[in-house]
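Report on one structure; see the data block that follows.
Since every read-out is calculated from the coordinates, none of them should be taken as a lab result. Every value quoted in this text rests on a predicted model; they were computed, and no experiment measured them. Cβ coordinates were reconstructed from backbone atoms using ideal geometry, including for glycine residues, and neighbour counts include every protein chain displayed.
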Amino acid sequence: MSGRFAALSAIVASLLLAPAGLADDQHLTPSWMKTNAAGKLVVLNVIAGFNANNGALNYNGYFTGDMTVVVPAGWTVEIDFKNQDAMLPHSLLVTKPYAPDHFPEKAGVNDVAIPRAYTDNPEEGIPSPKTDTIRFVTKEPGDFLFLCGAPAHAQGGMWTKFKVDPAAAAPYVTIATGAEPGRH
């Protein structure tokens, strides 16, 4: 009986310590991602300050690269962006990746890695409950970031990964093992 109890305890502990169904290698399609394969279009509903994770410096609850959005090359990306953080303005830009100690103090249009991939007023952000929609095409493969351009937000961890992958058959999301729970 003690062997069964130990095995059951180990299973319960593993379920409690790791977010259910979330792992670095799992390809997820969260509720906030809608795809149209025939039209090569992905629509992302991204909420800045979604929850209290990282002091609300997050996108859909994720921060410091613990979420990766992957889109095939040649697809159109539409991001319906909303700032839900009543305390701070936020923005979203697609930028090049930065070394951990080299994030910019603030980021604007000149820092964008894909044309048209930024929200209104990226260096200052938009206040809650404002929204914006951005639309761009993923022409060149590569690793990028979704980054908040408002002062000190990227340095504070308000960034996640964005990848244009020519080998991807469809858009998907991966969540790092151990990430704080975010929007599904």
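What to note about this one:
- Paramagnetic label reach from ASP120 (point 7 Å along Cα→Cβ; backbone nitrogen cut-off under 17 Å): within region 54-88, residues 79-86, 88.
- Among the trypsin sites (Lys or Arg not before Pro) within region 60-128, those in coil by DSSP and having at most 15 neighbouring Cβ atoms inside 10 Å are ARG116.
- J(HN,Hα) series, region 174-183, from Karplus relation 6.51 cos²θ - 1.76 cosθ + 1.60, nearest Hz, glycine and proline x: 10, 10, 5, 4, x, 5, 5, x, x, 6
- Number of Lys pairs (Cα under 20 Å; 8 or more positions apart or on different chains) in region 22-175: 17
- One quarter of the surface of the convex hull around the alpha-carbon atoms of the chain equals 11.9 nm², the direction-averaged projected area.
- In this simple spin-label approximation, ARG135 and HIS102 carry label points 7 Å from Cα along the Cα→Cβ vector, and these lie 3.5 nm apart.
- Shown in residue order for region 143-156 are the 3J(HN,Hα) couplings computed by the Karplus curve 6.51 cos²θ - 1.76 cosθ + 1.60 at θ = phi - 60°: 9, 9, 10, 8, 9, 8, x, 4, x, 6, 5, 5, 4, x Hz (x for Gly and Pro).
- Taking a ≥ b ≥ c as the square roots of the eigenvalues of the Cα gyration tensor, an a/c ratio of 1.5 or more together with a/b no larger than b/c marks region 132-184 as oblate.
- Label zone of ALA152 (point 7 Å out along Cα→Cβ, amide N under 17 Å): in region 75-93 this covers 87-91.
- Helix axis angle, 2-17 relative to the chain longest principal axis, alpha carbon, degrees: 10 degrees
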